[in-house]
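The values are calculated or read from the model by the stated rules, or taken from the named source; none is laboratory data. Source: prediction; values computed, not measured. Glycine also receives a Cβ, built like all others from the backbone with ideal geometry; neighbour counts cover every protein chain displayed.
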Number of protein chains: 4
Amino acid sequence: MIRLGMGALRHHGCGHLMCGTHAPADARAGSGTTPKSAGPVPRNLVEDLAAAARILAAEGVVDGFGHVSMRHPSAPDRYLMSRSVAPALQMPDDIIEYDLDSTPINANGRGSFLERFIHGEIYRKRPDVMSVVHSHSPSVIPYSLTGLPMRAMYHNAAFLAAGVPVFKVEEKFGPTNMLVSNNAMGVELASVLGNKHVALMRAHGSVACGPSLQVAVFRAVYTEVSARVQQAALAHGLPIAALSEAEGLLADETNMGAGMRAWELWRGQIKF
Amino acid sequence: MIRLGMGALRHHGCGHLMCGTHAPADARAGSGTTPKSAGPVPRNLVEDLAAAARILAAEGVVDGFGHVSMRHPSAPDRYLMSRSVAPALQMPDDIIEYDLDSTPINANGRGSFLERFIHGEIYRKRPDVMSVVHSHSPSVIPYSLTGLPMRAMYHNAAFLAAGVPVFKVEEKFGPTNMLVSNNAMGVELASVLGNKHVALMRAHGSVACGPSLQVAVFRAVYTEVSARVQQAALAHGLPIAALSEAEGLLADETNMGAGMRAWELWRGQIKF
Amino acid sequence: MIRLGMGALRHHGCGHLMCGTHAPADARAGSGTTPKSAGPVPRNLVEDLAAAARILAAEGVVDGFGHVSMRHPSAPDRYLMSRSVAPALQMPDDIIEYDLDSTPINANGRGSFLERFIHGEIYRKRPDVMSVVHSHSPSVIPYSLTGLPMRAMYHNAAFLAAGVPVFKVEEKFGPTNMLVSNNAMGVELASVLGNKHVALMRAHGSVACGPSLQVAVFRAVYTEVSARVQQAALAHGLPIAALSEAEGLLADETNMGAGMRAWELWRGQIKF
Amino acid sequence: MIRLGMGALRHHGCGHLMCGTHAPADARAGSGTTPKSAGPVPRNLVEDLAAAARILAAEGVVDGFGHVSMRHPSAPDRYLMSRSVAPALQMPDDIIEYDLDSTPINANGRGSFLERFIHGEIYRKRPDVMSVVHSHSPSVIPYSLTGLPMRAMYHNAAFLAAGVPVFKVEEKFGPTNMLVSNNAMGVELASVLGNKHVALMRAHGSVACGPSLQVAVFRAVYTEVSARVQQAALAHGLPIAALSEAEGLLADETNMGAGMRAWELWRGQIKF
């Protein structure tokens, strides 16, 4: 059993220590090994990313914690995510570029999220994923605790019909602070996620991912709604006629387009 | 078993393919077969219809999805509904006229809701219905999944005492994307609805209808509230003394008038 | 079994018919039998009464429906209540004076609530009651449907420890529209209430009363909160150590004073 | 069995009677025995304390009732808490200094909370505690009624993994108004709390404490959230894989730092 307490693990490949709330900003600065930036990102994409965090807060998917990232539009080995700040407060200028080791490229003194390794390792394992949301939405956590399988309660949650695996951090890492705070843990989480769209994390939260920022946000929101619907349906004490896998595939395809109607609504409410 | 995937079904009578998020705007434009408009609608009615969508959003009955329509006040074979846009964003100028085949008359480039066939076929089958709401309110969906009968928990939900049938799309159409995306499916839904005021749609949502826009909105709202009350009452593990059918008829008659008090409240909060 | 449909019952003592949404305004006007007003009421009390309705709306106890009244400060045989309008819209000028038969004294064309008889008959039977709230708060209705006894879940709901009877309108009046729409029904409700502070009405809602407007509002709010707490506690499947009757009496006495802290908060948020 | 009704108990050491809603302001004024102030407190700390009350209201942990205090930054035998006013209304100038007997030092006519003895006695018993929150958050009360043990449902609620004892006021004090309205009751509550971070109070509410104002507020908020998550998880009817005590210790340590991200969000929303 490997004990992963705070400040106990070396970041693989760069040697700095993870400790405290925020990882040291731009850890390799001055060491001459900081990777080069993949180049500037169109302003509207950066604004959409910061807006996505605020949308997730407005929809009750995140509170003071949680984060959303997107893969760099022109560099598949890079991703973009805010510095460590509450989602509802994120601004376009908070966005940092990371490599897939989750090393910040241009932190310039800004702190990084402790759990950024969730994002880096999912992008590494899943070339189809362009955006990842990590949240602790209260309606979803119960399923991570009991192992009751989440199912797709309606067409908007179609992406759940593929199955929702549960990452149990203690199985490989023993007692921890529950956070995915290094790449080894991120690798394991990405492995449990497999080719699904959502994975739960025991006594912690969940990740949702998708082929675009808009779809990942949509999935994070409707994972939460579907969890609530399932909770109510359970109380009926009757079989639940959830979406079949075939229905899930068909409805998910429709949602890829129709989901933009929700994004249009949500995005219009965020001004910077 | 008929497979109704995306882009697989011809729209009866016009030959265009259903695909993507929005149906092609004004599908018959240029073919010379677009039906003529039944004439202009008083501005205050159009504003009330757009306001109804925003009311449903404010009351939590719809989110980014769902729609409300009204029959054309002077042409029973036409109905009015917004272009495909989130309910909370609807404006009077978004309203489109449709015939009962749900062919847009005056789309002028505006996209139509994929599920407009729900509305057209209910208006066709039910001359008494002047307005239809389609929603996916989270408290109602569980009943569509388990088949537990919804009942009228209090006088405001009196219209439920007549019974609430469940449309199971898969029975006739096999695995689909769950949407009522053509007239054949609309016919089937309208048939399941029969002479009731509300029908559930398995793993999808519900429809509520009434003799006026105001009553349809009222019923959509109190279907949601009654669903929540029933959910709580279930947990008592005791028989539930819901409204009898006789009580339902009497109370529903009162609601036709008294319900305007709620409309007055809701409508006053919407400004264009 | 007496059938009490709409427009079927004569108002005892004045001969007009109850029908439609609003009772005819000032029914005896012109007949020479309208009682005289007990005199003007201080403006601040009238404002507090209208504010109380808005507070109940803000706290989720009422929606478009429900009402609050107070006994006339200088005439025990009169009470004050708004014309028929949604609680959140009530203004001081909406307040009408009623006698205990619930005949409006100064309606001047303003419509009255159909269920004003709840108020008149409670004031008649209970000289200690100075204010009455009638609501359909969703967390309370389940107890009216199942008969599961409401209990006082914490000190703020101490007034429930005396017991919460359920008025079942059908026992005396057969199938109705569920509303207390005449004095005979009001008498029966007041009789079921007895000397308690709150009574439930089957498949309808509840009444809360108190020795002041502030206390009645406090009780209406915490009846709703306590109902929610009990609902959750039930799910634990263990005995619930609610307030004993002795604890209820002691805590209720404290609340009479301490409750003003809540009123101060709520009242300060209402401006006319 | 000791009867602790209103106005029945002498305040130990000063001889005044507890009665009415607010304790007499500055009880020893004029008697020459009022303790001396420990000196002024930096304005930013006083503002943070008033803001903490408003944060707890905004987060739904308190309504018109409940309070938060902090130990005096330079005098361990003193604490600071608002005069008796609803949390959402607290202003920096409402803050009063108390000694550990909960005697106000500088009330100057301002009323004190009836239950301030909760705070004084916890500060006396627990030198490590720098801040205390007392609330009646509705999701937590059920556990106080049934004795079902609260557990840490996710990392944010790690502090619950140490265990959550229940204070049953009636065991030592018989039937009361449920309030901790004197030092003897405060002593008993502090004794039940022991070395834990949160204690429940039967049919009343809870206390949360921490090594800083920020941590106490964080714990009060996530006690409420965790209670809701546990309520939902219970309904799954399966074992709940809550945080182990070891995981709780590790995660709580992380929260001490990371929790500031939530405080930053919450605090930024309060302006005086």
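In the range B:57-78, which residue that is without any contact (Cβ under 8 Å) to a residue 60 or more places away in the chain and within 14 Å of another protein chain (Cβ to nearest Cβ) is surrounded by the fewest Cβ atoms within 10 Å (Cβ to Cβ)?
First pass over the range B:57-78, keeping only residues without any contact (Cβ under 8 Å) to a residue 60 or more places away in the chain: B:57, B:64, B:72-78.
Now drop any that are not within 14 Å of another protein chain (Cβ to nearest Cβ), which leaves B:57, B:64.
Working: B:ALA57: 21, B:GLY64: 23.
My answer is B:ALA57.
Take A:MET81 and decide whether it is buried (at least 21 other Cβ atoms within 10 Å of the Cβ), within 30 Å of D:ALA227 (Cβ to Cβ), of a type outside the set (Ser, Thr, Tyr) and in contact (Cβ under 8 Å) with a residue 12 or more places away in the chain. Before the answer, list the steps.
On the way: buried (at least 21 other Cβ atoms within 10 Å of the Cβ): yes; within 30 Å of D:ALA227 (Cβ to Cβ): no; of a type outside the set (Ser, Thr, Tyr): yes; in contact (Cβ under 8 Å) with a residue 12 or more places away in the chain: yes.
Taking the combined requirement at face value, the residue does not satisfy it.
Search the range A:241-256 for residues being assigned to a helix (DSSP H, G or I) and more than 9 Å from B:MET178 (Cβ to Cβ), and hand back the single one that is modelled with the lowest pLDDT.
Out of the qualifying residues, it is A:MET256.
Looking only at the range A:187-235, which residues are within 9 Å of chain B (Cβ to nearest Cβ), in a helix (DSSP H, G or I) and of a type in the set (A, V, I, L, M)?
The answer is A:VAL221, A:VAL225, A:VAL229, A:ALA232, A:ALA233, A:LEU234.
Test of understanding: among C:VAL164, C:VAL221, which residue is out of contact with any strand residue (DSSP E or B) (no Cβ under 6 Å at 6 or more places or on another chain), buried (at least 24 other Cβ atoms within 10 Å of the Cβ) and among the β-branched types (Val, Ile, Thr)?
C:VAL221
From (1) part of a helix (DSSP H, G or I); (2) of a type outside the set (A, V, I, L, M, F, W, C); (3) crowded, with 24+ Cβ neighbours inside 10 Å; (4) within 13 Å of chain D (Cβ to nearest Cβ), pick out the condition that doesn't hold for A:GLU171.
The failed condition is (3).
Can you confirm whether A:GLU247 is of a type in the set (D, E, K, R), crowded, with 22+ Cβ neighbours inside 10 Å and at the interface with chain B (Cβ under 8 Å from one of its Cβ atoms)?
yes
For (1) small (Gly, Ala, Ser); (2) under 27 Å from A:VAL140 (Cα atoms); (3) buried (at least 18 other Cβ atoms within 10 Å of the Cβ); (4) at pLDDT 95 or above, each residue gets a yes or a no:
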position	(1), (2), (3), (4)
A:PRO40	no, no, no, no
A:ALA52	yes, yes, yes, yes
A:ASP101	no, no, yes, yes
A:GLU115	no, yes, yes, yes
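Which of the residues belonging to the range C:257-272 are assigned to a helix (DSSP H, G or I), within 9 Å of chain D (Cβ to nearest Cβ) and more than 21 Å from D:VAL169 (Cα to Cα)?
C:GLY257, C:MET260, C:ARG261, C:ALA262, C:TRP263, C:GLU264, C:LEU265, C:TRP266, C:GLY268, listed by residue number.
Among the numbered criteria (1) modelled with pLDDT under 50; (2) under 22 Å from C:GLY186 (Cβ atoms), which single criterion is violated by C:GLY30?
Exception for C:GLY30: condition (2).
Give me the residue from the range B:118-166 that is within 14 Å of another protein chain (Cβ to nearest Cβ) and touching an Asp or Glu at 6+ places or on another chain (Cβ under 7 Å) and, out of that set, modelled with the lowest pLDDT.
Of everything passing the filter in the range B:118-166, B:SER137 is modelled with the lowest pLDDT.
Among the numbered conditions (1) modelled with pLDDT of 95 or more; (2) over 30 Å from C:ALA233 (Cβ atoms), tell me where B:GLY237 comes up short.
The failed condition is (2).
What are the pairs with Cβ atoms under 8 angstrom where one residue, in the range A:237-249, is farther than 19 Å from A:GLY210 by Cα and touching a residue at least 60 places away in the same chain (Cβ under 8 Å) and the other, located anywhere, is of a type in the set (Phe, Trp, Tyr) and part of a loop (DSSP other than H, G, I, E, B)? Sequence gap at least six, or different chains.
If the second residue must be of a type in the set (Phe, Trp, Tyr) and part of a loop (DSSP other than H, G, I, E, B), the pairs left are A:LEU243/A:TYR154.
Please count how many residues of the range C:79-113 are among the hydroxyl-bearing types (Ser, Thr, Tyr) and within 14 Å of another protein chain (Cβ to nearest Cβ). Steps first, please.
Taking the range C:79-113 first, the residues among the hydroxyl-bearing types (Ser, Thr, Tyr) are C:79, C:82, C:84, C:98, C:102-103, C:112.
Filter once more, keeping what is within 14 Å of another protein chain (Cβ to nearest Cβ): C:82, C:84, C:112.
The number of residues fulfilling the criteria is 3.
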